[in-house]
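Since the structure comes first, as structure tokens, the remarks are kept for the end.
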Amino acid sequence: MSATASNILPPVTDKSMISDYKEAFRLLKHNPPEQRLEIHWPLSMYLQLQDAYSEQMLETNMSDNQTYPYLSYNSLTETVTVATVPNSIHEVAVYELNSEIIASANDYLSDHAPGLLDNILPLGSTTADDFDGDGGMTYVIDAESKVMIAIEVGISQSYKSLCDTKDMWINGHHVKVCVLVCLNELPRFKNPTTAYDNIEDVRTEIENMKQSMAEQMRGYKSMWAGKLNEAFIEIWRTGKNSPERYQLIESGVACPNLPTTLGLKISDLVPDEAWEAAGVRDREIRFHGARFVGKLVNAVLATATQRFVKFISFPRIECHQKEYLSL
């Protein structure tokens, strides 16, 4: 550990808390792909970790604008979250949902309420420095913005963890809708413990890996990616204690009759008073379930390639070889 982390290690004697602190700082310092750590801590511990991370950024000239590693604190559950750079499966799920929503808004409101349409903007983890979600929609008017829909994607992440984040959005930020995308990769990916040695032609090695992987991936799995065993989407709304769930994949097989809508409506994108003032009829936002599943399956292939490339490209440090886990 660097002098930065060592010098401001929290003044506690609990071995578990010190271990969690060191692990959180390691993730923030090295940003190894596809890792997530959640710790139940008081605010004072989070602020100490945040200060250590800020000092580390200054020492290494890290940019304040970089999205990952991601550090946040949920005051409702007193949970610190550290997330490192995600994989293609995660990013594709966010992009496709954002694209479906904004496309439906453009198609309908461009004719019926263009004034509303101008104020609806998509959000993503890389589009705004002060947005803590994976994706979503915001409504902007008079230089102020309000998140209307928040999207959170979890890959082999505990359902409770996703629900805690959902509670933060609905109870803490008062969004209209929170969309949870739950994906389960089975088995959870872990890098091999044996490094590739003496690779003279990296491009040839990568092409050989892709060909071998393509032959294995007919069942969505290879040594570089687990099977996309389960996928479902939940729509949580303010004032409701249970979600609408849409199952997409079960036991590694796409469900029949995939949904064409998730119950989202154009009015979900606009504050109630602005929607009522516009005086237009509501309409459901479309969702191409079959296309969404197809994109996820292809994203598994892309993720497998990325994992392989990063594995053979990263310095041969022990933590890089043994501790990469899926988000």
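Bear in mind these aren't lab numbers, they're just calculated from the coordinates by the rules spelled out. Bear in mind that the values here come from a model prediction, so they are computed numbers and not experimental data. Reconstructed Cβ throughout: ideal geometry from the backbone, glycine too, with neighbour counts over all protein chains shown.
Some observations on this one:
- In this structure, the residue pairs whose Cα-Cα separation is over 23 Å, taken from 29/227; 160/265; 22/227; 146/240; 29/295, are 29/227; 160/265; 22/227; 29/295.
- The slack in the chain from residue 16 to residue 144, taken as 0.36 nm per residue of separation less the alpha-carbon distance, amounts to 41.8 nm.
- Take each peptide in 147-160, 69-82, 240-253, 257-270, count the other Cβ atoms within 10 Å of every residue, and average; sorted highest first, the result is 147-160, 257-270, 69-82, 240-253.
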